[in-house]
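Dropping a structure here in structure tokens format, bear with me for questions.
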Protein chains: 2
Amino acid sequence: MKFLPYLLSCFFILSSLFSVGYAQSAKYEEDARFIRKIYDEAMTQSQAYEWLRSLTKDIGARLGGSPQAAAAVEYTRQMLDTMALDSVYLQECMVPHWVRGEKEVVRVVNSFKMGSVDLDALSLGNSIGTGPKGVTAPVVEVKSLDELEALGREKVEGKIVFFNRPMDPRQMNTFAAYGGAVDQRALGASRASKLGAVAALVRSMTNGLDDIPHTGGLMYEEGVMPIPGLGISTLDAELLSSLVAAEEVRVYIRNTSQMMSPKLSYNVIGEIKGSTKPEEIILVGGHLDSWDVGEGAHDDGSGCVQSMEVLRLLKALGYQPKRTLRCVLFMNEENGLAGGRAYQVASDAAGEYHMAAIESDHGGFTPRGFTADGDASIFTKKFRKVNKWLPLLEPYGLRLAKGGSGADINGLKSQKGLLFGLEPDTQRYFDYHHTAADVLEVVNKRELDSGAAAMAALVYLLDKYGLD
Amino acid sequence: MKFLPYLLSCFFILSSLFSVGYAQSAKYEEDARFIRKIYDEAMTQSQAYEWLRSLTKDIGARLGGSPQAAAAVEYTRQMLDTMALDSVYLQECMVPHWVRGEKEVVRVVNSFKMGSVDLDALSLGNSIGTGPKGVTAPVVEVKSLDELEALGREKVEGKIVFFNRPMDPRQMNTFAAYGGAVDQRALGASRASKLGAVAALVRSMTNGLDDIPHTGGLMYEEGVMPIPGLGISTLDAELLSSLVAAEEVRVYIRNTSQMMSPKLSYNVIGEIKGSTKPEEIILVGGHLDSWDVGEGAHDDGSGCVQSMEVLRLLKALGYQPKRTLRCVLFMNEENGLAGGRAYQVASDAAGEYHMAAIESDHGGFTPRGFTADGDASIFTKKFRKVNKWLPLLEPYGLRLAKGGSGADINGLKSQKGLLFGLEPDTQRYFDYHHTAADVLEVVNKRELDSGAAAMAALVYLLDKYGLD
């Protein structure tokens, strides 16, 4: 890309040719000016990246129940305290406390083709350990829970089940591809155990072919004897698959992860009280916990600091909301949702009404828009109202679509407000998700800040016009 | 971001709620199916990333006139030769041959505050050298060419002029911010020389604050005595500015870059002949040369391999175009545009008609759409036609807007076809542009491939329906 003579004539005109008139009508001019101010402030003064630097570099990975999670609660509470909000408080929740233990060993033993090979592996969250001696067994590969079922107990008993269905690369939304593969990680160990398997190995949830193992939660279904479940990198999944195709492969697994007793932890909440309709709440949030590898930078440090930045932005611009704006940093999204549940129970008990809630939990990448969700009885009408604001958002590359919101706020649907998910570009998310690679360096400051600006713009419109 | 129970209910619905009906009308169904096939093929079988690996890792930086540029010509010609096109050929052009020489030294000399400090610097492309002894002079800082003019000869003569206006972070399109700052790099040395300066230092063209110096072309205006021009990193620009504010600062500069005699080089062209309207040409292209640092991965290896992939995709799907599809890898975009000019001269001389041309030269990031440009006499009518296809492109996150196309194809406007630029997300581009950091590792395979798919989808529609 070259310089002056050509460049000066070719900037991208942001609004499409045929929506300019609408977006620039008198009705929207004041709003367009204010949203421009939000972006200007965010792109020049945002604190989000510096907050994220502390969360990732000073504190690091912060799995629910860990000392780092406690540090993150205290750090974000203190940061919210500096913002002259109307109130900042903690909300109790009991969280599971799982620990990874020693570095995992997953070793192909005496393969005819390769000899012994160590595979890049991570215990899946909530997994039990093998015990210090480990376990060795033959490997049987399947591509799905159904294929496992079809094999039956005879071919599975005493084996290690290897789940190897990749995420579908044709899904342009990588979350859809994730959704189409993650049943193997979530339920694979349980289903394998039911048929007498001794452990489960799961191909990592990523479109890439690399040597980075991914963790992430598994759940043991009721009445099932827990067996260890571990993720292996996609390159090692390809290798193991090629070995299994050629010979009987035995694998040695040793992991010492275990569930400890539950711990007291907290959601962190900061609030600006509404001036005329304080009973209508607009929530922005992300989750403060992360998995215990990497730094939880995209998942979901980004969503937390963006949510904090939304309040900072509106304060900095002197905006006095009519409605109550609440930033909620949820605890324990990754392995239990205890924070989200505690929040909902308390909110319902207090008879609160969340007119709107926005969660950012798809990474700190360039925002492409928002997905919206809500109770069927109110969704269409309220979403139509939001769609009228589209010409104000399109100049910033934002669109609106029906879709999910976020795991922490999903339960608020019963309050019959509108729930939103910030939808960033998804192509890179699963390069980092639940891995040692999810570190500050892979978050781009401008992408992060523009996500905060997008959320603040939507909050502004929701607050100004309401949905009812 | 958590797992199964929540996820399965919340995938992003790609089309906006209110355009689904249009996009799914009978008229568009066949096209929608074919475009889906293009994306499926691109996201599973694309060769773009492997070609880019060779261009970046095996060949590397490939400034016009360099041995690496010659290697890139031969490599891409051979790759196009494997694709069973109707013709593959080289088109001659004479290119300038500039060489950087030894590692640059830019040293603050005996600052009261800091002592001696070496700054991270790169000679700007086309710059002359200081000669082996270097030059030492006091520094005068300005924020613009106008500010320099206002200072006048008295305050500039014998000095090193330091241009330090940052790119505007409020511009959400970073190319607009680049366009607003790059006059300092392109013209700074010339304007400083007119007032008797001995050298120019220019703040690097990036929104980031880092220690990576950016190169890029400068031009010496006619009749001006050339003086050396060098880029320094943004962190060092901040440092130098703080020193200049506090004391008289002297800087020692030594660079040995020089212009050699012009070299013969080539555009690389591959073509599928149209079946019924071969005289109407649809061009896809990027530029094969890069600056001489880094690997030219985003700028513009990405655009080259995407353009090659467009032809591969359509061949792989058995598509027989009505019109002639031509992939052109232009030489010497970065410091002269000799390839683009040679192409245009030959095309005009042959009486060709480029019905459409698409250049990809804004990096291999997730595509956001296309900008379109054309002669005023035809633009509105033809662009309206293209806009009718928008419902086919929107599901892939693509939009259309009036804007620039690409430096190499811009001259084809006189043939009165429509010119397009592939417009990817721009937030990260200037983290890498013209630096040692523009390497394969910062290109995401899925982002790159989806850009090729977007181009192929537009080519398919242009070929099927035409613009006239």
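Output yes when any residue across the stretch A:145-155 is assigned to a loop (DSSP other than H, G, I, E, B) and over 16 Å from A:MET219 (Cβ atoms), and no when none is.
no
Do we have any residue at all in the stretch A:103-116 that's β-branched (Val, Ile, Thr) and within 25 Å of the chain's Cα centre (by Cα)?
No, there is no match, as no residue in the stretch A:103-116 is β-branched (Val, Ile, Thr) and within 25 Å of the chain's Cα centre (by Cα).
Anything in the stretch B:142-171 that is crowded, with 21+ Cβ neighbours inside 10 Å and under 26 Å from B:GLY406 (Cβ atoms)? List them, or say none.
Across the stretch B:142-171, the qualifying residue is only B:MET167.
Which condition number in (1) surrounded by 21 or more Cβ atoms within 10 Å (Cβ to Cβ); (2) β-branched (Val, Ile, Thr); (3) within 14 Å of another protein chain (Cβ to nearest Cβ) is the one that A:THR44 fails?
In the conditions (1) surrounded by 21 or more Cβ atoms within 10 Å (Cβ to Cβ); (2) β-branched (Val, Ile, Thr); (3) within 14 Å of another protein chain (Cβ to nearest Cβ), A:THR44 misses (1) alone.
Residues are listed down the side, and each one gets a yes or a no for (1) of a type in the set (Lys, Arg); (2) within 9 Å of chain B (Cβ to nearest Cβ):
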{"position": "A:ARG170", "(1), (2)": "yes, yes"}
{"position": "A:ARG191", "(1), (2)": "yes, no"}
{"position": "A:GLY196", "(1), (2)": "no, no"}
{"position": "A:TYR220", "(1), (2)": "no, no"}
{"position": "A:ASP236", "(1), (2)": "no, no"}
{"position": "A:ARG250", "(1), (2)": "yes, no"}
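Being touching a residue at least 12 places away in the same chain (Cβ under 8 Å), basic (Lys, Arg) and not assigned by TED's automatic domain parsing to the domain that holds A:ARG368 is true for just one of A:ARG170, A:ARG153. Which residue is that?
Being touching a residue at least 12 places away in the same chain (Cβ under 8 Å), basic (Lys, Arg) and not assigned by TED's automatic domain parsing to the domain that holds A:ARG368 holds for just one of A:ARG170, A:ARG153, which is A:ARG153.
From the list A:GLY196, A:GLY180, exactly one residue is on the phi > 0 side of the Ramachandran plot, surrounded by fewer than 24 Cβ atoms within 10 Å (Cβ to Cβ) and not assigned by TED's automatic domain parsing to the domain that holds A:SER87. Which is it?
Only one candidate passes the filter, namely A:GLY196.
Could you figure out which of (1) of a type outside the set (Ser, Thr, Tyr); (2) more than 11 Å from every other protein chain (Cβ to nearest Cβ); (3) crowded, with 24+ Cβ neighbours inside 10 Å isn't true of A:GLU441?
(3)
If we scan the stretch B:415-426, do we find a residue that is surrounded by 24 or more Cβ atoms within 10 Å (Cβ to Cβ) and among the small types (Gly, Ala, Ser)?
Checking the stretch B:415-426: at least one residue is surrounded by 24 or more Cβ atoms within 10 Å (Cβ to Cβ) and among the small types (Gly, Ala, Ser).
Also, quick follow-up: Give the stretch A:123-144 a look and list any residue that's over 14 Å from A:ARG203 (Cβ atoms), under 31 Å from the mean Cα position of the chain (by Cα) and part of a strand (DSSP E or B), or say none.
A:SER123, A:GLY125
Using the structure shown, decide if A:ALA346 is of a type in the set (A, V, I, L, M, F, W, C), surrounded by fewer than 23 Cβ atoms within 10 Å (Cβ to Cβ), free of Cβ contacts under 8 Å to residues at least 40 places away in the same chain and farther than 30 Å from B:GLY451 by Cβ.
Judged against the criteria, A:ALA346 is not a match.
Still on this structure: Residues that are crowded, with 24+ Cβ neighbours inside 10 Å and within 24 Å of the chain's Cα centre (by Cα): which strands (runs of 3 or more DSSP E) entirely in the stretch B:235-320 hold 3 or more of them?
B:258-272, B:277-287
Is it the case that the stretch A:174-182 has a residue that's assigned to a helix (DSSP H, G or I), more than 8 Å from every other protein chain (Cβ to nearest Cβ) and closer than 14 Å to A:LEU148 by Cβ?
The answer is no; no qualifying residue exists.
Restricting to the stretch B:387-399, what's the tally of residues that are within 24 Å of the chain's Cα centre (by Cα), more than 9 Å from chain A (Cβ to nearest Cβ) and farther than 21 Å from B:ASP40 by Cβ?
Qualifying residue count for the region: 0.
Quick one: what pairs do we get from the stretch A:112-129, first residue more than 17 Å from A:LEU230 (Cβ to Cβ), second part of a loop (DSSP other than H, G, I, E, B), C-beta under 6 Å, 6+ apart or different chains?
From residues that are more than 17 Å from A:LEU230 (Cβ to Cβ), the pairs are A:PHE112/A:GLU247.
Scan the stretch B:345-396 for residues that are of a type in the set (Ser, Thr, Tyr) and touching a helix residue (DSSP H, G or I) at 6+ places or on another chain (Cβ under 9 Å) and jot them down.
Residues satisfying the conditions are B:SER347, B:TYR353, B:SER360, B:THR366, B:TYR396.
Only one of B:THR380, B:THR371 is within 10 Å of chain A (Cβ to nearest Cβ), of a type in the set (Ser, Thr, Tyr) and more than 18 Å from B:ASP425 (Cα to Cα). Can you tell me which?
Unique residue meeting the criteria: B:THR380.
Would you point out which residue out of A:GLY131, A:GLY158, A:GLY152, A:GLY125 is out of contact with any helix residue (DSSP H, G or I) (no Cβ under 8 Å at 6 or more places or on another chain) and modelled with pLDDT under 95?
Exactly one of A:GLY131, A:GLY158, A:GLY152, A:GLY125 is out of contact with any helix residue (DSSP H, G or I) (no Cβ under 8 Å at 6 or more places or on another chain) and modelled with pLDDT under 95, namely A:GLY131.
Restricting to the stretch A:95-118, and then to whatever is on the phi < 0 side of the Ramachandran plot and of a type in the set (Gly, Ala, Ser), can you tell me which residue is surrounded by the most Cβ atoms within 10 Å (Cβ to Cβ)?
It comes out as A:SER111.
Rundown of residues vs (1) modelled with pLDDT under 95; (2) of a type in the set (A, V, I, L, M); (3) farther than 24 Å from B:PRO367 by Cβ, yes/no style:
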residue	(1), (2), (3)
A:GLY363	no, no, no
A:THR366	no, no, no
A:GLY369	no, no, no
A:GLY374	no, no, yes
A:ILE378	no, yes, yes
A:ARG384	no, no, yes
A:LEU392	no, yes, no
A:ALA407	no, yes, yes
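For the stretch A:198-213, what are the residues that are under 26 Å from A:HIS362 (Cβ atoms) and either in contact with a Phe, Trp or Tyr (Cβ under 7 Å, 6 or more places away or on another chain) or away from every other protein chain (no Cβ under 11 Å) (or both)?
A:VAL202, A:ARG203, A:SER204, A:MET205, A:THR206, A:ASN207, A:ASP211, A:ILE212, A:PRO213, listed by residue number.
Could you check, for the stretch A:276-284, whether at least one of its residues is more than 13 Å from chain B (Cβ to nearest Cβ) and in contact with a Pro (Cβ under 7 Å, 6 or more places away or on another chain)?
No, that holds for no residue.
The values are calculated or read from the model by the stated rules, or taken from the named source; none is laboratory data. As the structure is a prediction and not an experimental result, all values here were calculated from the model. Here Cβ is always computed from backbone atoms with ideal geometry, including for glycine, and neighbour counts include all displayed protein chains.
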